[in-house]
Structures are given as structure tokens and as C-alpha cells.
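Structure first, commentary second.
Where a number appears in this text, it was derived from the coordinates with a stated rule and is not lab data. Because the structure is a prediction, the values reported are computed rather than measured. Note that each Cβ is placed from the backbone with ideal geometry, even for glycine, and that neighbours are counted across all protein chains shown.
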Amino acid sequence: MNQSPTSLTSTSCLTTISCMNLLQTHCILSCLFLCSLFACDDSNTDSPPESTQDIPPMDSVQPPNRPKVEIDISEWNDKAAGAFVRQITDKADLMSGSTAQGKIGDWIIGNDKAHFIVQGHDRHSGPCPWGGNVIDVALLNEEGKAHDVTGEICTFIQLGRTLLPEHFEIIADGSKGPAILAVTGKDTVLDFLNIGSLVNSFLGTNIELPVDSNLDLPITMTTYFLLDGQSNALRVISAFRNDDDTDVAVHLLVGDILDSGGVVEFFNPASSKQGFGYAGYNPEAMNFLAFRGQKASYAYVPDPQANGTHGASYLAISGVAGIGLGIDNLLTALTQPREQLLENPALIALQPGESGQVGRWIVAGNGSLSSITETIYRLRGKQLTEVEVKLVTEGSGEAIPGHRVSLVQDGAAVSQGVTDENGRFAIKLPQGSYTVVADNTERRAQTSPTIEVAEQSKSVQLSMEPQSIIQMKIINAIGEPTPAKVAVRCIDECPGRGNSTMRDVSTDGLPGGLQAISFVGVDGIQDILVPSGKYALVVSRGPAWSVWPNNDLAGQEITIEAGQSVPIEAIINKVLPVNGWVSGDLHVHAVNSPDSPIGNERRVRSMMAEGVDVLVSTDHDYITDFAPTIKSLGAQSQLMSVIGEELTTFDYGHFNSFPLDHQADDDNGGALDWGDGENDNLHPAKIFAGLHANSGDQVIQVNHAIGGYFGLTGLNAQNGTTSADPAGFRISTEGHPSTKDDTGLFDDGWTAMEMLNGLKGDRFYNLAAYWFTFLSRGMQRTGTAVSDTHKSLSSQSGGSRSWVWVGEGLDHPDEFDPYHFAKQINAGHLVGSNGPMVEFSATTSSSSDVHMTGDTMVLNAPGIVSFAARVLVPQWMRVNRVELVGNVSGVAPVDGEHTPVNVKPLLSEEFELGPEDLVNDQYYERVVNLSLDVSEDGWYIVLVHGQGESIPSMTPVTPKDVAPFAFTNPIYVDVGGDGWKPTFSRENQPADAESTLFEAETPRPPRHINAQEAEKLLHYLRHKHGCN
């Protein structure tokens, strides 16, 4: 759509500007994005963050050298005064909350109802890596305090570009009308999205996308932030001008990326969920997109389309939403040829000198949906009627405070309130018919009336059964309180698991058959609120502990009547003899990852309850320190922590690193900027070097390598060459030139790789082809087991986990050393497991030395090596097979292609655990001895399995029914004492290991992505990182 601006002079003192029709634009946001974007922000605190950063030079806010894009804001001339806008110089302007990012030097625009913070000049790793965006949103509480749960909202154009701000300018200070801030800059690559690279990797290099996100655009962008003195809604207008001095037109796909932020629930009445949650990789229509937190809420509200249909569509992946205004289906737009897309009215088409714009609103709320939907309805011009809802206990009439009540229309929740201390709340709604539904997850609702809302205000009362309470007290054998997990299983049908009209039950839903899961803290006391019914209780604390009752996973049955309180005392104990070992979860996400809705406090509680000893923080491109949260919960004696991050490139790998130096005054804690500002992305070698530059020893762990670093770069594991083009990843090749046979993307600066991500043991075999090949090449890299948990209910903390040998006396908090922990991991003193524990050792008849996992033993001459696997499992778990595996070769993946390895053990033993293996009536111990005649240098590991129908399920200790599995790292055998040598080397590799993809590829005709391929690609994005 072409537009010609007309010059008008405003009668206001605001400014003289150009006038043009507001344009609904949009993007496609083809969405391919983001199981890989990240970085929320701060630690879990209710205090505004301290800042030691200087205020940017004031010349950055003077009239810019690049003229801003003028727009017509004459409709704001009569808006109420009373708002303000200023650069932040006092921390009193900052907000509290786990996602509050504002700091000295940013900009605040607000009034006596709501505050909004716009980030100043900044560069940080995240979905929105530059400043100039809304980062904090708050409706002021009764004390005038501002609490934030927002992540960040930034303009997104051409499927992979955004605004790089150059100038901030106060257009109006709010004293005589609205407050207006303008941020002007240029477009730049959004390095957290590289859709072209992803499509080419997945579908082939002959795919043509409708736009090229690598192409610099000759445009100036200005974002206006406007607020009047009486509103809790911030108007945001992004304007674009084609500055090209030729006759080339610019066609823009414009939208926003919305990092949802903290511990919030998505809410969209127009979605397939008809309320809370989002539909994975399926695009959704929307009139608005709201986010509900405990203390704050907010909404993103697009302008409606002229024809009255939905204002936008969006795709949400892993907590980040890509929004396209005026587009009903993002996939349809993605699959259009460029010529067809140019005819789409959703585009802004600009001839040289022309301008266009797009507008939306950001609404601040107090934690309820009703506090924002009223404003949204008013923005839409709706006539509203007040409805008062009262919630009482059946029989007594006692008020029920703090309870959710949804207003449902045509099967979809359209808003929701939370009752006050008197059991009441008031909500304003458009006229129509509504069903009033109370949350039934903690007590049964007795009534759900349907009401007709007309011009007159209305009152409605709902009743619920009296509250039932399971009063848990959990202790160990000597009467000390202990953290634990309590699983409440339904005997019959669960009476109240909730649905998406009431709360988000899909993002972190309960495992099937459970009414509740509760993580009990250090005091061992927890009240669990449930509807009346029949349940079975299971109390656990991970695989090293016993289970109550009596190691019976069927649980203790109880019947609880309405209004009844049932006291339960449960005794559990740590039973496995694992002195000197600590169990660590080396891949963990919480609120500082945008794809995790779990607050830091809940993450710590879940780790304690699952019996994890060491919590390693690995938020996406964010360095989190859990130590303050652990201290605030009084849990220093229960849980140790290590500071780290998951460096998360979009398309060439994810890498955990720890321990790292935490920088409290940095937006992301000092996370390495792999996008390197406006420069090319960092080469993997520079990434590894940058991570190693931290203090002490670092573990650098390659995560989910098949869908990540190894697979995406086309690695030939046998010779270390790669076939993927660095230019496709926007990687600088300086110092790492490509050759005919090697594109140079592989670097051996990493120290470990995930071998078990999540609970399923078969994932080990998917990765074994890489690990075994590296070991046989002489690359002694540690294999790890991790949970990669992003949730708390559906994805278990510590499931799987790595047992690390740190030495006796060093395995408790008083003596724990993170750098020693990392050193031991890198040395291979590690066992990976989803349940069983195994100690692996080797001896010879000629020496009394005992060698453990990670050691190199010297065998003076060929001879017999006696391997021993000491298998340890709690009484509620069973295993029945041990395998000795070693010196595997000929399985190397070539050009990133792989197949699961069919491991043929050198030796194995099957057994059945019986009374003779039961120690102290607490745990099973079986020592399996395996002797092998060794004639040459080699490496050897042990695998432990629980296989077959005789092996009981581990649920509900684990959320999924998986078979017990564990693996060790190698013991290396040096025959002759002349130094351990690999099984094969680059100079001595099988002839058929050479890559063939460097040969000239037969040209294929260009084509467009089709709808089926787009859906498959989104599904791949959802799962490629192994996210749990």
C-alpha cells in the first residue's frame, strides 16, 4: 500500500509533524523462532535493583542527526495532562519484581496510575538485544509501588531485523497534555533470529523466503511512546521512512517480539485454548494477548482491523510470542511467494521519501485480568456494566478470599477476577450472557450461574464446598524435618485439575492421574489444599532416598471429606551410601529464561524436594546466581549452587558453561554476547575462548548436540570437519578460514557433552555415535546427564542428573568448591543416571591400585583387567542388567547425519535383585565383576539397565514411566605405560569416513516453502533443543 504524506500544523504546542493514516501492519513472524531465545532479566527480588552504571551522555538525547520519522498525533491534543517522562537518575523510579530490568539511564513514562520503563542505550543477549523498547510495566498499588512481570517488547521486521536506537527525544513532558518520548534509529539484524539459515538447514538451500532478513534496509525508524495523565494504557507507534535516494520501494513486514517475562500465564480468549495457555507451534488469532502474574499483569493490544476481524495473529514458542498485526494465519503468510506477498495489504509499501506506521497499546494491570480487560474494552469503544461477584462457603456463608473466578462466554474465558478479603470483586463487562465459574482445583464449586449483563449493574453469588486440607509433616528417621515432594494421586477421577478457562494447565501441566504435586521446604511442613475425594499419597526425595509409605509407589490411600483436615506424618531417609559423591543438575532453567515460567524460589524448592545436591544455573544467555534465593529460604544446608549460563545461539549450538563470574550491574549478569553487537556472530572457537576467560576451571558442555552444534554444522565426527557454510550462520571466519574439504566450524574447546537430556535412556544411544567416536579419536570428553528442566511439574528437576565424585568430606555445603566440582567433571569423574547409581572401578592382579571412572590405569603388559560395577538402587527401584562397552569405532556421524548406535557390549550380566542384595532393609547393592583380556590401549564404560516387564515403574517419583538407566564415564587403559593412545586418529581412519557433501551439489530449482513443511519446521523448532 503506497502512501503520500501531507503536511499539517498541529494546534497543540506538541510539535509540527506530518500526517498520514494509521496503518495496520504486520509480520509474518514466521515464527520459526524461538525455542532458542532468551534472557529475561534480574534475580528473584522484590526490591528495585541497584545500579552502578553511569547515565549516558546527554548529547544522546539532543535533536538527532538522523531526523525522526514524523507522524500525526493531533488526536492526542486534547488528552489529559498529568503524565510525565524523564530519564531515570534516581533508583526510586525503578520497579521491583523478578523481571524488573530498568536501571539508571533508562527512561520512565508514567502517571499516578501506571509506570512504563523504556530501555536506554543498551546491548545485551536476548530476544530484544538492543535498547529503545518497553522493558518494565506496572500498575501502581495502593502504596504507590510498582511491581513488574514484563519481559521485553520490541519491533520486529522482515523476519529478522529490529530497531537499533540512536537518539532519545522528549517530545512532550506531560505538563500540558500527554507525555511523549520518541526513539529514533536504524534497522539492524536481530541476531537471535536467523530464519533463512534454519530453513536452509532443514529443507535445503533452494528454498526462497518472501523476504531477506540479512538485507540492510534504507530506512529510519522512530518509536513513539505516548501516555496521558489518566490512563493505564501506553500507546506505542512505530513509524518508518524510506530514505533511499533511488527509486527503489521498500516493502515492510512489521510486527513485534514479545518476551512474556516472569512467572506469568498467557491469556487469549480468541485462541484454541479459549483462555489460558498457548498452542505450541500453531499460530493463533487474537484481539489482545494478556499475561497474568501474582502481583502484576499486562496486555498487548493491537489496533483492530478495519473489517472488524481479529486484530492480529501470533505464534508463541517457549514463552516468546511473535505477533503479526492484521494477519489471520502466520503460516499462510510464510508460504506465500514474494510476488503474492507484495499484494498483501498487511505490508507497508514505501516509495523513497514516504513514511508508514503501525500502532498498538500496552496495558498495565494489578495481577488480575479484570484490571486490564476493562481498559481494553474501553479502547475498543465498548459500553460496560459493572458486575459484582461474591464467593462464599456453602453452609456457613463464610467469604472465600484470594480465589479465581472466570467469566466465560461461548465456551471461552473473556476475563477473570480474584476475590478480596471479603470474598468479592467487581468487574466491568460488555453487555451479553456470561457463565460465572470458580476455580475448582482446591475445592469443589457448587454453583456456576449464567447471568445476563445489561445496562444495570448486577450482583451474583457463588458457593463452594468447605476447604479440605492435607496437613503434611515430613521428617527423617531421627525426627529432623526434611524437604520432599508430595504426589497426590487420584483414586478415581480427579475432582478438580482445572482447565484453560481458569488457569494455564498446558505449559506445566500435572502428570496424568495426579491432583497435585507439592514441593515441601526445609521445615518439612506443608498444607496441601484439595477438593474432597479419595487420594493416594507418595512422599519422595529423588533416587537416593526412600519413599513413604514403606517404599510403596502405590501410595497411602486417604479419604478426605469437605471441610476436613487430615494430618499426615511421613518418614523418609537418604539410603544410598554415596559419600564423596554429589548429585548435580547441570542444565536448569528458571524465570531468567523466557521459556521457563518457574520463579527462582520454586526452582530451588523443586531441586531440594527432588534430592539434588548441586543446582547449576544455566538460563539462556543470562548468568543467574541462586545463592541469594537459597539463603532466603534457609536452605544453605540442603542445596549447593554453581553460577553458569546456557549460551544460546539461534542456529549453531547451545553451550552450558560454569562456574562463571557474575556481574550484578549487567543486564544479563555478564553473559557473553555471542552476537557481538553489530559485528558478525562469534565463531565457536571464540565462544569457547570467551567462556574459558572466566576465573578458574570451566565446564563447557555441548547441549542437545544432534539438533545443535554437531548436527547443524554438518560435523564429520571422525575427522573433525564440517560442511555447513559459516556465512549462513552470519559467523565471522577471521582466523578460521574454510577450505574445499572443511568449513572450519568445529573447535575442540569444549569439555563435556550431554549424553542424557531428560529421563528417557534411549537418548543416550542417539548421541553415542558422537561420544564414542570422540573417545576413540583421543578426545577425552565427559558425558553428562541433565534434566534441561524448564518446568516443575511436567519436567522433573534432577531428572536426569550427574553424580560427580568430589571426594569424601567435600560433598557437603561447608566444604563445597564450585571450581573443584568443575575440575572433577572435566576429569570424567561422573556417572549419569535417571535413577540408578553405579560405581565403576578397575584393578589388575599386579597392582593393588583401584581406578575409578575418569582415571587412566597403566597395564604394564597385555593381560586381564578386572572391572567391577557396584550397582546401588533404593528399595523401590529395580535394575537387572550391566553391560561393559568400550573401544567403539566405525559409528561416526558424517555431515551431521546420525542414527542411534546399536551398542554391542564386550561383556554383560543379567540378574534379579533379591533379599540377598538388600542392605539394612533400605537399598539394593549388587557388585557385578567383569574380567577382560586387554592387549591394547582402550576406553571402557559401564551401562546399567532396568529392562522388561519385571521392572516396576518409577512413577510418581518420576513424572514419566521410563526404564531405569545409568552410564559411567570411561576408565582408560594404557597398555605398556607409554601414554594412552586413541583407538584411531585422523591419520588412521577408515577410508569410507570421508565426507561427500563437499562435492558440487546438483543445482535444484528454487521453490517456496509449503504449509506442511512450515508446520514440520515449527515442530522441529519446538523440540530441537531437547527442551523439557
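Numerical summary
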quantity: Ellipticity estimate at 222 nm from DSSP helix runs (n ≥ 4, -39,500 (n - 2.57)) divided over the chain, nearest 500; calculated: -2500 deg cm²/dmol
quantity: Value of Rg/Rh across the stretch 383-464 [Cα atoms, Kirkwood radius]; calculated: 0.95
quantity: Partner lysines for Lys176 [C-alpha distance under 24 Å; skip if fewer than 8 residues away on the same chain]; calculated: Lys68, Lys79, Lys113
quantity: Ile219 long-range amide H proximity, modeled H, under 5 Å; calculated: Asp187, Asp243
quantity: Hz values of 3J(HN,Hα) by residue in the stretch 216-223 - Karplus curve (6.51, -1.76, 1.60), Gly and Pro given as x; calculated: 5, 9, x, 10, 10, 10, 10, 9
quantity: Alpha carbon Rg of the stretch 581-988, scaled by the compact-globule rule 2.2 N^0.38 Å; calculated: 0.97
quantity: Share antiparallel - DSSP beta bridges, the chain, percent rounded to 5; calculated: 85 percent
quantity: Cα centroid of the stretch 502-556 to Cα centroid of the stretch 926-981, whole Å; calculated: 32 Å
quantity: Inter-part distance where the stretch 455-501 and the stretch 375-447 are each reduced to a Cα centre, Å; calculated: 20 Å
quantity: Entries in Lys574/Lys791; Lys390/Lys534; Lys428/Lys458 that, when Cα-Cα distance is taken, lie over 21 Å; calculated: Lys574/Lys791; Lys390/Lys534
quantity: Relative contact order of the chain, defined on C-alpha pairs under 8 angstrom at six or more residues apart (%); calculated: 10 percent
quantity: Set of aspartates and glutamates with alpha-carbon distance to Lys760 below 14 Å, sequence-local pairs under 8 removed; calculated: Asp788, Asp961
quantity: Alpha-carbon Debye profile of the stretch 787-917, log10 I(q)/I(0) at 0.16 Å⁻¹; calculated: -1.22
quantity: Length-normalised contact order for the stretch 802-878 - Cα pairs under 8 Å, 6+ apart - percent; calculated: 29 percent
quantity: The stretch 770-832: relative contact order as a whole-number percent, Cα under 8 Å and 6+ apart; calculated: 37 percent
quantity: The stretch 635-742: trypsin sites (Lys or Arg not before Pro) in DSSP loop, at most 11 other beta carbons within 10 Å; calculated: Lys740
quantity: Cross-link partners of Lys981 among lysines (Cα-Cα below 19 Å; sequence separation of 8 or more within a chain); calculated: none
quantity: Test item: Cα-centred dipole of the chain, Lys/Arg +1 and Asp/Glu -1 on Cβ, debye; calculated: 2120 debye
quantity: Cα long-axis angle, helix 370-379 against the chain (0 to 90 degrees, to the nearest 10); calculated: 40 degrees
quantity: Options Ala822, Ser797, Val942, ranked by Cα towards positive dipole end of the stretch 581-988, top entry (Cβ charges); calculated: Val942
